[in-house]
Amino acid sequence: MVAVDLPGPVAAFLAAYDAQDTGAVRACCAPDVHYEDPLTPAPLEGVDALTDHLRAAWAAFPDGRLEPTGAVPRTGAVLAAPCKLVATHRGPVGPLPATGRFLVAHALLYAELDADGTRLWRVRAFYDAYGAATQLGALPRPGTAGQRALMVLQGFGAARRRL
């Protein structure tokens with residue numbers, strides 16, 4: 001794990017995630033927090049929606065932890081916190097059943113703090129969902145015959161172009 005000086009709300013959020021503590025999530029997030037990531041079909045509004053989303057993540061990855069991976073640049077109330085999820089897939093994620101596979105997913109939490117600068121107000125988590133799906137065995141790894149077959153099924157490479 002990288003030793004990083006994290007802003008208070010980010011450190012609190014990472015610790016709350018690791019402890020699977022919804023009370024701590026409520027303490028470090030504004031009540032009207034807005035959150036989104038590649039698995040949210042629409043932005044989540046409010047701390048209740050966020051904690052429901054996190055409970056599902058904790059059920060799928062019960063040993064999951066978010067580790068900081070670098071410095072957190074900040075301009076005023078806006079910051080970007082690089083981290084990684086390290087976990088074992090033990091429960092379903094949407095239609096994907098538990099695989100028992102280990103996952104390392106690098107992410108970036110792009111966040112805006114509340115007016116007091118003490119809680120997370122708007123948060124977007126960016127990560128490579130395709131990369132995570134390949135680690136979990138849901139999608140073929142790049143460059144494999146499986147990936148080429150998937151591309152043909154999607155209509156890429158099904159017909160040769162004439163020059």
Ordered by packing density, taken as the mean number of other Cβ atoms within 10 Å over each peptide's residues, highest first, how do 8-17, 88-97, 69-78 rank? 8-17, 88-97, 69-78
Coordinate range along principal axes, alpha carbons of region 35-153, Å, largest first: 52, 27, 25
Between Ala27 and Leu39, 0.36 nm times their residue separation minus their Cα-Cα distance comes to what? 2.0 nm
Please work out how much length the chain gains when fully extended from Asp5 to Ala98, using 0.36 nm per residue of separation minus the C-alpha to C-alpha distance, in nm with one decimal. 30.0 nm
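Gln20 to Ala115: FRET efficiency via 1/(1 + (r/R0)^6), r the Cβ-Cβ distance, R0 25 Å, to the nearest 0.05?
On the way: r = 29 Å, r/R0 = 1.14.
It comes to 0.30.
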Segment Tyr130-Thr75, extension gain: residue separation times 0.36 nm, minus the distance between their alpha carbons: 16.8 nm
So if I place +1 on the C-beta of Lys and Arg and -1 on the C-beta of Asp and Glu, and nothing else carries charge, what would the dipole magnitude of the chain be about its Cα centre? I want it in debye, nearest 20. 1140
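At 222 nm, what helix-only mean residue ellipticity would the chain give, in deg cm²/dmol to the nearest 500, using -39500 (n - 2.57) for each DSSP H run of four or more?
-9000 deg cm²/dmol
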Around Gly46: net Lys/Arg minus Asp/Glu count, Cβ-Cβ under 11 Å: -3
Please list, by residue number, everything in region 72-102 whose backbone N is under 13 Å from a paramagnetic label point 7 Å out along Cα→Cβ of Ala56. 92-96
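Every number in this text was worked out from the coordinates using simple rules, so none of it is lab data. Remember, it's a predicted structure, so these values are computed and weren't measured experimentally. Here the Cβ is made from the backbone with ideal geometry for all residues, glycine too, and neighbour counts use every protein chain on show.
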